[in-house]
Structure formats: structure tokens, C-alpha cells
Amino acid sequence: MYTGYPSDAERDACSQELCRAHRKSPFAKVSKKAVVWIAAAATLFGGLSIATVSANADTGVTDSYANTRGNAAFEAAREQYGLTESMDSGAILHAWMWSFDTIRKNMAAIAEAGYTSVQTEPMSHIKVNEANGKKFTENWYYVYQPISTSIGNFVVGTEDDLKALTAEAHKYGVRIIVDVVANHFTSDWNAIDSSWKDTSLFHSRSNCSGTNGDNINYSNRWQVTQCHLLGLWDINTQNQAAADKMKDFLVQAVADGVDGFRFDAAKHVELPDELGEHSVYWDTILQNGAQYQYGEVLQGDSSLNYKGYADLFTKYSSDGGGNTASSYGQTVRSAIRNGNLSAGTLSNLSNGGAKNDQLVTWVESHDNYANGDKESTYLNDYQLKMGWALVASRQAGAPLYFNRPVGSGGSNPQFAEQSQLGDAGDDMWKDTSVVAVNHFRNAMDGEAEYLRNCNGQNSCLMIERYVADGNDANDGVVIANMGGDQSLVGSATTLDDGTYKDQVNGGTITVAGGKITAGTAKGNAVSVYYDAEGSTAKVSSVSATASTSFSTDSTTVTLYAKNVKNAKYATSEGKSGTFKDGDAIEVGGSLKIGEKVTVTVTATNTETGETLTNTYTYTKTAVEAQHLASQYQTKTNATKKTITVDGKTNDWDSSMIIAQDAANDDPRVYRPNSMYEVPIDLYTLYGTYDDDNLYLMWEMTNVQDVVAPNDNYPLSQGTLFNTMNVPFFFAFDTGDSATRIGKSAQLTTGGTLWDSGITWQNKLNKVLAISTNGANGPWIYGGDNDGLNANAQYGPAANAKTETEKSGIVFKYGTGILSSEVNGIDGAYGTNNGRVPGDMKAGTNAKWVNFNEKGHDSSTMDFHYEMSIPLSELGTDAATIAKSGIGVQLVATMGKSGMDALPYDLAVNDNADLDDSAGSQENNSFEKSDLDNFTVNFARIGGSDDSDGGSGEGGGSGGEGGSGESGGEKPVTNNTTVFYPSAGFGADSTYLHYRVGDGAWTTVPGVKMTAACDGWVSYTIKEAKEQTVEFVVTNGSGNWDNNGGRNYQASGATIVLENGQLGSVSPCVAAVESIAISGDGVKDGKLTLQTGESVTLQATVSPDSAQDTARVSWSSSDSSVASVMGTGEVTAKSAGTVTITAESGGVTASIKLTVTEPASKSPMTVYYKPTAAWKTVKMSYTIGTKTTNGVTMKAACDGWYSVTIPDTGGAKVKTAFTNGSDWDANGWTNGKGNGYWGTGDTLAVAAGQVIADVTPNCVAKE
């Protein structure tokens, strides 16, 4: 694309999910009306001569699929070179800036190198700057500035050259993808061809502000799609004539032999029905006969429907289609820059909801390399080889290899000008390791994959491809090793027993019994282990995501099928069905911690008839505890107070603190140098509520004035609201099961909100987004079990198209903070200053200080925000908050990821020391681009948490430095009990020396702790009321446990100190002997509900002594029939019978729940035609004894108004109508309207007449 486009980090995004078209047999696409002539003869050089024509007699559109996959000569050539059947799974060579003729001359080598497809440059006539000749610098981008829809330009050559290229490619079984600029023309109106020089063919220059209508707000989809990117003339995509011209252009290209298209700047063309009125463009131009089409739909925009684009390209492509996987490219580039090839990081394709085979993956694209920000330019050949091993060996999608100009990139200039436009680039595309990976990919097409690090070494990654059939000939592994020689002996593996040869370096590995028993991964090299001869046979397989563990509520399992029929799956949870390759299912929702679910997949080999079966096991595990230092606190504020939101802190006080963070713990400080940005450093979160609003105030710090006073940029930037426009996200748990957001709050359309990479383990009901300067937002989003809705429920303005209502949120900010101390970890930057990720955990050597004592000026450097949120917009009320409370977590972001959180979560710190490839500054932290799944418990406002903490089974992992309220447990707000192991200082000689809040210390040695249960002593502090307890433990004889002199700090009902670690779950649990289940409607162990109904069950444990400590978990035998939350709240989902079980301490009790469908409803649509004088119409209606007044009717057609009564129960309905002043009630008797009566599906009233079960003619016509 044009060099001035915004970079990946700044611009495009979306959420993506594609529905892959069912793959047809090779000849299925030859229509009955097509005519095919085939002539084939072997050539001396191994190519096959092909002459084909396949066109639909009705449309005149050539069928690319029939001309290749439906052509015996093409298929023979493709199989000869071992290329993949489908374009959506084969490697693509991006022959960047090669001419058609240059590609043609290299076709034999391209086929031999294992590329299924070649992607060319745009083929349209373009603007030419004669003075530049054919140099690259400041010249290459003109190929992305069309002036017409005629084929040929000075870079690629003529239309005849294109025909010669496609004919040659098909001789070798290779297919051609042409890049197409279908969004815009050049910005130079005078250069545009006369055939297009009609302003009606382009969007208005006044659609956006700016000289050329190019001032685009990328969070506004209308502007993104209707304005002029960089002043380039934007095609009018609502104009059928423009669409027809573009379609004719593409149809001609397919007739010339082109097999697929890549659409440049695709996200700048709206989806067909995205903007409220139908857009004809995509539906017109994509019906061009190509078999594979994909779009440049870069991830990053806040409101882009990535899935919608992927679905669209797939819909109109017979052999697959999809989107560019730009976010995964960023992950790969970061990994190869750092030499940190973590399997956990690299396994996630960031597919935004798309199926993996609908992605085009890459190490770098031409934009990454050639644009002015030089995002990938400095990567060297060694890094590129490693990156290609990572993307091209994987099962996902179609990997694209970008060919650089000769002698360019790495330590050389971006454009060395050793070659010119039209020439082939450097030879890396046919490097030995690159080619070996291509052949490996082709041989393993359709097989399952598993990523693991080499015996735990993150510098070495193994990508295993396998079929669990006992045949080593169809298994293999690619190893990218950026460290020294690495022994693989003892490593687990999915490969079948056998010996595998490295096709690059010549070594071998031996596998026996699921272990590698011999072999070494060569250092600083790519190794490709497989049987290159034995893998040429056609493989039939059926498989699923490799067996693994998960700690989320459920997990997604992807199902795979290759060369099989009748593919089916069945789970141990009772789910079953048929599937096609790439389908995904959710499993594990009904499991308790430690339980397993199995998925069995079966299919029939299409050639042999053999039945194939494999079973995979997935284990639900507890979320790992984070063990944060005691500075980090999570609390509850139960008090009500009305706050004036004015940007000042005077209405707030420390009793309203619900989460405490630390200063100087943002990811920036873990890099060797500054991130050159103001810190995203949250400090304290306050919360309260009144009858109408929830109130939040949060503090942020910038301690650069004492930590790094010479680091001018972050020091000078000051407050976020003056310098930045990046999002805050708030997650809320209202406790309402009916509005729970499923799938960890991923979008229902795929991906994450605003492409933030943020998900939540805790259950939640709403997500609020607003930028740091308030320019974008506020937005409140809701959802359902399928995830978060991409359309906001509330926003800064009403939008009828998205059903968004105007929000009543008030948002203010100001300098200075309420906190009198600014405590945090001293030092910056990087390991030389002792800063390592995780140093905020308890027991580390972090240097904790009060920065104010070091001279920090909190009044000018620190700042705060406050906000009021109408309770109605959160879907709750004051009574509910008073009783059950509301949970909240704040995440502050930068780039595409969380940078800090309140309550704090280590997810914002796990990749802090890695560099970031998403922008132009390599010293930035990878935290700006990684994925963050937040697992700690939410802070709470209002009453006790009776919901379930939102964390599902087992609760969230909590900071453990604070109260860490465990899901489903009712916190004690008055007293605090401290537990300590009796083995420490003895059961009779352990003392607790403490103070509450800012109060006085106990007299040394403190109060004596007494025996609590086996191995533990305890002491209960009365009336602590959730305040922070600062304490140490001693034996009274000079031995102290005092956190290395820093003392311990925690709050909440329970504080547990063991081995320097703080926790919040009592170690003393009485044995449970029995459980009794009760609740509304429960009788004799049975309960009946209708679908959609909910009821909360109570589990009473015996004996009474166990009630304070027992933790009850709930489960459903079939969550598709009825689900149950940790609170015992059961929701009926579908008709059937299910067992609901309560468990505590190994003791269980169950009830039988029968779910029935509610009686069917009888809606009635009422039509009314008033006199012309009436401008508004409202209806009143009576059913039986119940009257409903003031129902607004909407204009239908020809003067008719209509409204639907949801359910009449089959009874007669009496209606009357008003315009607000006059009534039409069919006359009056004794002061009462006679009404218009009717039964059935419809009722039409006009001119005093009523007709039942009849629809007005104009409605019927519509």
C-alpha cells in the first residue's frame, strides 16, 4: 500500500471470523453450462502444457476453480510439485515489485520451492512519475495509485504479459493472486483516466474535514469508509456504475487466467449493510470467478467487524478466503527480535474470531517493510528465516513470504537500489531452510499441530504436525532454535514412534513411547524433521486441538478433517454433532476444578472406507495464585455517598478505597531504556454509590521526577489527559446471571473490544470504555453467553442504527491526588537497575519506597480521574448493590494491550521486558501488543458478594496481598482473623504485633495467637472494618517474621501468612457431613423451570460448625439444558432433564431439574390508518381485565401505522387509538370507548372499520 498509510500500530483493525465454504471435489465446480477443453502434454522441463476455457454461459464469468482444480493437466502438475490442493492452506510468494514477465521466467523455481500461489503487484494503469524511472525510493507506492481499471502498468507489464504468466504458472500447478486497489484512485484528479473522470463515481470531498476530506477518525466507521484516505480519491461504493466498472476489471483478469485477488485497504470499503443502507460494492465486485480472495483488513480499529469481512470474502470464493493476520505478524516479529520463542505466546494466532484456515499469515508484509516507519525493515535474513519457520510450518491459513529488493533491509538501506522495479528481489525466498519448511507444510497439509519449547528452553520452539495413526511417515516437526545446540532427549512429543531426518542439516531424532529418545536441535538454525519421501502420500485424518489443560470457564476446541467424510464429534459432557475442517466447539463449561472432558472425533477415509477415531482430553485447572506484595490491596467499600463529579478529590476519603496499586510498576520500567512515553501507572481506585449513580475515582502517578530525572520525554509529558488519547476499560460484575457476558468477554463477532487483546476470567455483565482525555466515549457494552456485543448500549450520542442510547456518564479529571504517600518500587530501567518482571510479587528483592520522601512532587506530577455512571446503564439499582454489591476492575491501556490494572494483575507485566514490534520504536515493551487475560478478583462496592466473585468454579486468583475475596464466600466486614503456622514459633509462643489503619501499634511483643486448628494459630482483630492491617509476627524472644523489615500489610475477613506469602482463604475448615439443597420450587429433590427462568438454590451444610468455612461448588450434568453459577443460581436454557449438584468437602447432594418450553405465544400486529392530520399515533389495548396504555405505533406504508402486541394468549383484543389529544375509540358508551375488537395474527382498522386477520395491501406488497 501507499507509504503514507498509517502503520499497523496506528491504524486498521477489526474483529474477524470467517465461515469456510465447504470444500468441493476437484471437479465439483464445473457447472453444467460450462464448456471445458483440455489438452495436456508433458514438456521436457517437467511442466505441463495446458489450454483451458471454462465460462458460465449465463454470466460470461470465467470459473478459475474449474480451469485449475477441475483441469486434469493442472492437477497433474500440482501433484508433481507436491503443492496444496487448496489456496487457503498453501504458501504464497509475494513477488513484490516483480514484473509479470520476471515471475514467468522464475516459475519452475517457484514450483520447486513449494509455493502454491504467487501474489503480484496491482495490475491497473497507474500514475507515473517519469523523473523517478524505476527506482524504489519514493516511487514504489505509485503502483497503489490507480488511474483507471485497465490492465497493465510500467511495473508489472502488459495484459498480454499477464496472460503469458498465468498460462506458465498453470503448467506448473501454481496459481496467481493479483493485488487489487479497489478502494481508491490517485489523489491527482488530472491524472485519472477519462473513463473514470466523473465525480459521482467517488465519495464527496466534503464527507470529512481536511483539505481533501482526509481528516479521518479511525474509531468512526462511516468516516473510515466514506472519506479520502490521505487525499486519495475514494471510490463511491454506493454507486452501482462504479461497482460494475470494478467488477468488469476483475472478471477480465480471471478470464486472463488470474486465480485470486488480494484487496488492498479492504477495511476502507464498508460491509454491505454496515452503515444502515445497503452498499452494492462488495456483492458486485466479488462475483468475478476467482477461487480465492482475501482482504487487507488490519487489526486495530475499535469498531471494525473483522469477522464480517472474512465471511464476505469466503462467501464469494470457491476455494477459501479471508483476512490478513496482522496482529500475529507483530507477535512473530517481537519473538524473533528477542530470541524468545515462547510456545505460550506464539500459539495464539490472534485470529479475531476467524477460523485459522481463513488467515493470511506473515513475518512481514510490504507495508511493514517499505513504509516510512520501517516497522520490519531492520530484521535480518537470519531472523526472517526463523520467522518463516514459525508461520509456514503451522496448520493455520496461507503464509505469505514477502520478497525484499536485492541487497536491502537488515543492516543495509531500506532500498539499496541494486535492483529496480520489475526485477526479482533477493534470493531468500528460495533459501534452503525456507524451501524445506514449504515442502514440510505441503506434506503435512490438514494435519494437527502442537507447539512446545525444546525441553523448556524459550529460545527453541518445536512445531509438531501429526496424525495419531502409528505411521511416522506422515508426522514431522520444524524446530526454530535461536539459541545454542539443544538436546531434545526426554522431551514429550505427539509424533509416532520412528526416526526422523532433518531435511536441512542432516541430523536425526528418534521417537519412542511419546518421548524423543535421541537427537539434538542445531543451534541458531532451522531444522525440518520428516520423511520427505514417505510424506508424499495423500493423508486422511481426523483430529482436534491437542489435549491440554485450561483455567477458563470453558475452552475452545478446533476440529480438523482431511480427506474424510462423515466427520463427527462427541464430548463426555453429552454434546455431539457433525463438523467440517476448522469448525470449533466450546467444552468444559460444566466441569469443576480438576475434572476432565473428552472429545472423540470420528470419520471415514474417503478412499479406503476405513473408520478413523481419536480422543482428546482437556483438564480444568485452578487459576494460579499471583502472590503479590502486601502493597497491593483489593477491598470492599459498602458505604453510600453522593459525589459531585467536578475533577476535584475533596468529596473522597481513604475509606472509599477499593483497590490499591503501586507506583513505578508499569511495563516501561522493565525495558533497558525508557519507552519514550508518559507512564501508564495506576495507583488507587475509590468507589461508592447512591440511589442513582455509581461513583469511581482513580489516581495515576508519574514518578519520573525522582526515578529518572534525565529522561526528558516522559518527564515533560505530564498528565495523560493533556497528552494521550488511549482507552480505559472497566469491567463490572452486577451479579445478574441473565445478562452475563460469556467467552471471557470476547466479541460475538470475534476478537476483543477495540482490538485491545483484553479478556476477563471473572464473570461480568458490562464493559465501559473511555479514552484518557474523554475524546472517545463513554461507551457501555453488554452481551450474552456468546460474548460481548460490538455495538454499544450507551454512548456519547444516540445512534438508532446501532440501538445505542445517549449515556448520562459524567467524566472529569485534574492534577494532584488524594493519597498522602506514593509508595512503589524504586529504580528504572531494566535489569541493570534491578527491575525484572514480577518484582511486585511478595518475597522479591524489590526496593519499596515512598517516592514523596525522595522528593517526588505529587501535586504536579500525579493526577486523578472521577466518573459517575447511572446505575440504570449498568443494569442494576441501589438496592441490589446494597445487598449483593457490584464488582469492578479498571484496565489502563497503551497500544493494543493492558498496561496496568486496579485491582492489579500480573497479566500486565508478563511480557514487560520483551521488545515490541508493533510500532517504530523497538525499545517499547511487548506489553503494548500482547494478549491479557485478567484473573484476579474484582474490587467491590456495596454489600457482601453473594454472586460468586465472578470467577466461576474456584474463584479468581486474587492479588493475595489484599482481601482477595474468594468467589461465593460471604466476606466478614467487621473483624479480621490472622492465621500463622504454629510450626513457625510454636503453638504457645507466637505473637501478633499489629496496627489497624493509621492507628497505634500494640505493645511489643503484641497479642498472643492461640491454636486454631492442626498446624495453625490465629488471632481475631475486632472491628477492623476492612481497614489495612500492618503487622509482624514474633516469638517474643527477639525472632521476627517482618517481611524483610518492610512489615506485612493486608485487609479483609481473613489474612493468612505462610512462608512470606499472604493469602485470604482460611486454612481451618471443619469437615462437612451432609448437604441439604433448598430453594423456590424445590420439593422432594425435584424442581421444574421453563426455559429462560432462573432460581437461586441454597446449600445448607451440616454440622453447624462447618458453615463458616465450608465452600460449596455447584455443577450441572448438562450445561446446555441448565447452567449453574457459583452462587447456586440456576438458569434454564433448553428443554430436558438435568442434575444439579452441590459439593463441599467431598460430600455431594443433588436435585433433578426438569426444563420445559413455555407455552407458545400468540402475537398480533395491529394496523391503523388515521386521518392525514394525525402526525403521531398511540394505541391502548385491553386483553381480559388488563389494559395497556400509550403504546407508540410506527409508520408502516401508505398512511398506515403498526405495532405488535407480543402475546394475546389467543383472546379477543380491544383497541383504541389517539394522537395525544383526539381519540378514535369506535364511539363511546357511558363514557367508555367501545373499542375495535379482534382476534388472530393481525387487526386492521381504518375509517371506523375493523378487519381481523387481514394485512393492508401495501404491507403485503412489501
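The numbers here are math on the coordinates, done by the rules we state, and not lab data. Since this is a predicted model, take the numbers as computed values, not measurements. In this analysis, Cβ positions are derived from the backbone assuming ideal geometry, glycine residues included, and neighbour counts consider all displayed protein chains.
Specify which labelled value, from (i) 112, 94, 31; (ii) 59, 36, 29; (iii) 51, 42, 33, agrees with semi-axes √(5λ) of the Cα gyration tensor in Å derived from the coordinates of the model shown. Among (i) 112, 94, 31; (ii) 59, 36, 29; (iii) 51, 42, 33, the one derived from this structure is (iii). Taking a straight line from the alpha carbon of Lys812, these aspartates and glutamates sit under 16 Å away, with near neighbours fewer than eight places off in the same chain left out: Asp646, Asp651, Glu699, Asp862, Glu866.
Ranked by how many other Cβ atoms sit within 10 Å of their own Cβ, fewest first, the residues Ser209, Ser408 fall in the order Ser209, Ser408.
Out of all DSSP beta bridges in the range 87-439, what portion is antiparallel? Express it as a percent rounded to 5. Working shown, then result.
Numbers: 6 of 33 bridges.
Rounded to the nearest five, the antiparallel share is 20 percent.
Taking +1 at the Cβ of each Lys and Arg and -1 at the Cβ of each Asp and Glu, which of Trp1223, Ile1205, Ala1246 sits farthest along the dipole of the range 1164-1261 towards its positive end, judged by Cα position relative to the Cα centre? About the Cα centre, the residue reaching furthest to the positive side is Trp1223. Of the DSSP H helices in the chain, those with a Cα length along their own long axis of 15 Å or more and a mean Kyte-Doolittle hydropathy reaching 0.0 comprise 240-255, 381-392, 432-443. Across q = 0.10 Å⁻¹, the range 1164-1261 modelled as identical point scatterers on its alpha-carbon atoms has Debye log10 I(q)/I(0) values of -0.23, in the order of the q list.
Using R0 = 51 Å, the C-beta based FRET efficiency linking Asp877 and Thr1154 works out to 0.95.
Given the pairs Lys105/Lys171; Lys806/Lys1169; Lys1186/Lys1212, which are separated by over 21 angstrom at their Cα positions? Present the calculation step by step, with values, prior to reporting the outcome.
Details: Lys105/Lys171 13 Å; Lys806/Lys1169 32 Å; Lys1186/Lys1212 12 Å.
From the list (Lys105/Lys171; Lys806/Lys1169; Lys1186/Lys1212), the Cα-Cα distance tops 21 Å for Lys806/Lys1169.
Between amide H atoms placed 1.01 Å from N, distances below 5 Å from Ser897 occur with no residue 5 or more places distant or on a separate chain. Annotation: amide H-H contacts under 5 Å for Asn1226 (H modelled 1.01 Å from N, sequence separation of 5 or more, or interchain): Gly1235.
In order along the range 742-752, phi translates into HN-Hα couplings of x, 6, 6, 6, 6, 5, 5, 8, x, x, 10 Hz, rounded to whole numbers, per the Karplus curve 6.51 cos²θ - 1.76 cosθ + 1.60 with θ = phi - 60° and x for Gly and Pro. Here Lys1086 is the anchor, and the lysines within straight C-alpha reach of less than 22 Å, apart from those fewer than 8 places off in the same chain, are Lys1133, Lys1152. Exposed loop sites here mean chymotrypsin sites (Phe, Trp or Tyr not before Pro) with a DSSP loop assignment and at most 11 other beta-carbon atoms within 10 Å; the chain contains its longest site-free run at 46-1262. Shape class of the range 87-439 from the Cα gyration tensor (axes a ≥ b ≥ c, square roots of the eigenvalues): rounded, since a/c falls below 1.5.
For the chain, averaging the sequence separation of C-alpha pairs within contact (under 8 Å, six or more residues apart) and dividing by the residue count gives a relative contact order of 7 percent. Taking every DSSP beta bridge that has both ends in the range 976-1063, the antiparallel portion is near 90%.
The trypsin sites (Lys or Arg not before Pro) of the range 745-850 that meet both conditions, a loop assignment by DSSP and at most 14 other Cβ atoms within 10 Å of the site Cβ, are Lys801, Lys847. Pairs exceeding a 23 Å alpha-carbon distance, out of Lys385/Lys515; Lys640/Lys766; Lys562/Lys596; Lys197/Lys245; Lys565/Lys592: Lys385/Lys515; Lys562/Lys596; Lys565/Lys592. Dividing the Cα radius of gyration of the range 976-1063 by its Kirkwood radius returns 0.92 for Rg/Rh. Taking other C-beta atoms within 10 angstrom as a stand-in for reagent exposure, Asp1084, Asp705 fall in the order Asp1084, Asp705, fewest first. About its Cα centre, the chain has a charge dipole of approximately 2200 debye under the convention of +1 per Lys or Arg Cβ and -1 per Asp or Glu Cβ, with nothing else charged.
Exposure proxy ranking for Ile479, Ile151, based on other Cβ atoms within 10 angstrom of each Cβ and starting from the fewest, stands as Ile151, Ile479. Each residue of the range 876-886 was assigned a 3J(HN,Hα) from its phi angle through the Karplus expression (A = 6.51, B = -1.76, C = 1.60, θ = phi - 60°), giving 9, 8, 5, 5, 5, 5, 4, 7, 10, x, 9 Hz with x at Gly and Pro.
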